[in-house]
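Worksheet: one structure, shown below.
The values are calculated or read from the model by the stated rules, or taken from the named source; none is laboratory data. No experiment lies behind these values; they were computed from the predicted model shown. Cβ: placed from backbone, ideal geometry, glycine included. Neighbour counts: every protein chain shown.
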2 protein chains.
Amino acid sequence: MAAQIFDIAIIGGGPAGLSAALTGRIRNKEIALFEHLDFSQKLQKAHIVDNYPGLPQVTGKGLVQQMAAHAQAHQPTIIKEKVLNIYPGEKFTILTPAATYEARAVILATGVVATVLFAGERDFLGRGVSYCATCDGMFYKDKNVAVIAYTAEGEHEAKFLGELCRQVYYLPQYKGELPPFRDNVKIVADKPRAIKGDSQVEQLATDKGELKVDGVFILRQSDPVENVLAGLELDGEVIKVNRDMSTNIPGVFAAGDCTGKPWQIAKAVGEGLVAVLSAIGYLETKAKQA
Amino acid sequence: MAAQIFDIAIIGGGPAGLSAALTGRIRNKEIALFEHLDFSQKLQKAHIVDNYPGLPQVTGKGLVQQMAAHAQAHQPTIIKEKVLNIYPGEKFTILTPAATYEARAVILATGVVATVLFAGERDFLGRGVSYCATCDGMFYKDKNVAVIAYTAEGEHEAKFLGELCRQVYYLPQYKGELPPFRDNVKIVADKPRAIKGDSQVEQLATDKGELKVDGVFILRQSDPVENVLAGLELDGEVIKVNRDMSTNIPGVFAAGDCTGKPWQIAKAVGEGLVAVLSAIGYLETKAKQA
């Protein structure tokens, strides 16, 4: 199958991503909008928003729906898959649990999820720490793994790993009823604390003890963006951007909460627009050079 | 009369200024919004706007009205006077043709008007070139002046000067029927080109000849912002801003078209929000130091 090459891949479908998708489509670019949840989870929870000019007293949910409908009317390609990794190159390769995609430019609009990495998490990334069971599960065949899950999406991952691994410890960090699991999937109500080992992961320390494991799968609402795209320069915990929303990686732009405070809709929408116009400018410059 | 001291003066009531006023009022700050025309003249002329997320297919006029109504519901003090000069100091002093105002911080949201200064304009500023008849008219009693006007507001200025000066040349640079003037106000259909003189203005050169004058009043929709606020650092023709919308002058922020392209509503609205939150942060820091 000859895959389509998108002009611009937008990672995240909150106000920043939707604004970028809207203007990108109006400018007639092929846009892939990656949004694996139901648009902005954070904004959906906002009771009333009253400082988005022109739309007084809207609910967060209503505003997201209006913005999503507006962008969708211009038909970006919406891909309901979580982006695990982005690889720069002649074109960007975007990896999800289900497939790979290609795009000429990337806009990161991933929001912020209060992410404190576990001690050891970064050290053992690729040496026992993984963010994707589908991708890496086979490495842990007949071994013991822990799954730390922040959304119910983790349940599918735990089930899948249960079929492969000897023992799966499932540590749900969200509320809600759990489905039935196979006998070798054990629910653990602990709070994870640290990932330990020598050259490879050996233990997951929790507030109540230690689990002996060969692998730890961490399934957050979104992954630390610098783990998704290696080499991305941060400014503290946020993506470092210039006034045109470009990052340190040519062809990669960022917009919205992931670029820093204020975490507000109007800022996100404005930055999404600037990012997509800058991305289009980047594509035009590259096309001239080619 | 003990004048009110505003927390924040916002200069310009387009999308950036309205967004700043809205969030500033929600944060309970005393806001003065200076808007001498009927909100964004430029946006009012936009036929259809379709890339302001959440409000598909609105007319420019409809969008301005919705934004203005939204901001006005939160009751900023709207001052329908043109800002001529802003003087920094312990507090900022803001001069209009009618009065002076004080504010602790300033947000410039003046938009862009394609302004090419006339040759000699900057050289003779304060030495025969003025942007305000009410302020400077008395200096030209019984002398000859030219009035270059880009909006019908200039007609009042020409009438006022007609009562003071010997001869007034009125050069309307807009379309529309003119009112009757006194005999000493002469309508001149020329295009102005250059302001000339030695230590003071002596002539206004036009495409058709030269007018011998002692003063030239230039009445644009908005004045070159660096003439309104001395010492403001520009980046080419736009105001140089940091990511938090601060300028080189402490307490002065900028937002919207005046900070550069893209000239788009979503950008302006986002920058207005960021600017007002940064201004509030500035006020809080100052209050702590006091």
Considering residues of the stretch B:136-187 that are of a type in the set (D, E, K, R) and closer than 26 Å to residue B:42 by Cβ only, the residue surrounded by the most Cβ atoms within 10 Å (Cβ to Cβ): B:157
Those residues of the stretch A:271-285 which are surrounded by 24 or more Cβ atoms within 10 Å (Cβ to Cβ), at the interface with another protein chain (Cβ under 7 Å from one of its Cβ atoms) and more than 24 Å from residue A:61 (Cβ to Cβ), in sequence order: A:274
Test for residue B:72: is it without any contact (Cβ under 8 Å) to a residue 60 or more places away in the chain and within 14 Å of chain A (Cβ to nearest Cβ): yes
Residue match in the stretch B:88-95 (condition: hydroxyl-bearing (Ser, Thr, Tyr) and within 14 Å of chain A (Cβ to nearest Cβ)): no
Selection from the stretch B:13-30 of residues that are within 14 Å of chain A (Cβ to nearest Cβ), in a loop (DSSP other than H, G, I, E, B) and either in contact with an Asp or Glu (Cβ under 8 Å, 6 or more places away or on another chain) or touching a residue at least 24 places away in the same chain (Cβ under 8 Å) (or both): B:13, B:14, B:27, B:29
Any hit, the stretch A:46-62, residues being of a type in the set (Phe, Trp, Tyr), outside any helix (DSSP H, G or I) and more than 22 Å from the chain's Cα centre (by Cα): yes
Check on residue B:199, in contact (Cβ under 8 Å) with a residue 60 or more places away in the chain, assigned to a loop (DSSP other than H, G, I, E, B) and closer than 30 Å to residue B:276 by Cβ: no
Residue check for residue A:194: assigned to a strand (DSSP E or B) and small (Gly, Ala, Ser): yes
In the stretch B:132-157, the residues that are within 18 Å of residue B:212 (Cβ to Cβ) and part of a helix (DSSP H, G or I): B:139, B:140
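With touching a residue at least 60 places away in the same chain (Cβ under 8 Å), surrounded by 18 or more Cβ atoms within 10 Å (Cβ to Cβ), outside the structural domain of residue A:90 (by TED's automatic domain parsing) and part of a strand (DSSP E or B) as the only criterion, which of A:204, A:211 stands out? Break it down into steps so the answer makes sense when it comes.
Working: A:204 fails: touching a residue at least 60 places away in the same chain (Cβ under 8 Å).
Answer to the check: A:211.
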Residue B:33 being outside any loop (DSSP other than H, G, I, E, B) and either at pLDDT below 95 or basic (Lys, Arg) (or both): no
Scope the stretch A:31-66; condition of a type in the set (Ser, Thr, Tyr) and either within 11 Å of chain B (Cβ to nearest Cβ) or in contact (Cβ under 8 Å) with a residue 60 or more places away in the chain (or both); matching residues: A:40, A:52
Total residues in the stretch B:73-97, condition more than 14 Å from the chain's Cα centre (by Cα) and outside any strand (DSSP E or B): 8
Positions within the stretch B:55-87 being on the phi > 0 side of the Ramachandran plot and at pLDDT 95 or above, in sequence order: B:75
Among residues of the stretch B:96-111, those that are surrounded by fewer than 18 Cβ atoms within 10 Å (Cβ to Cβ) and either touching a residue at least 40 places away in the same chain (Cβ under 8 Å) or within 19 Å of residue B:20 (Cβ to Cβ) (or both), counted: 2
Residues of the stretch B:224-270 satisfying the condition of being crowded, with 21+ Cβ neighbours inside 10 Å, aliphatic (A, V, I, L, M) and more than 9 Å from chain A (Cβ to nearest Cβ): B:225, B:229, B:239, B:245, B:252, B:254, B:255
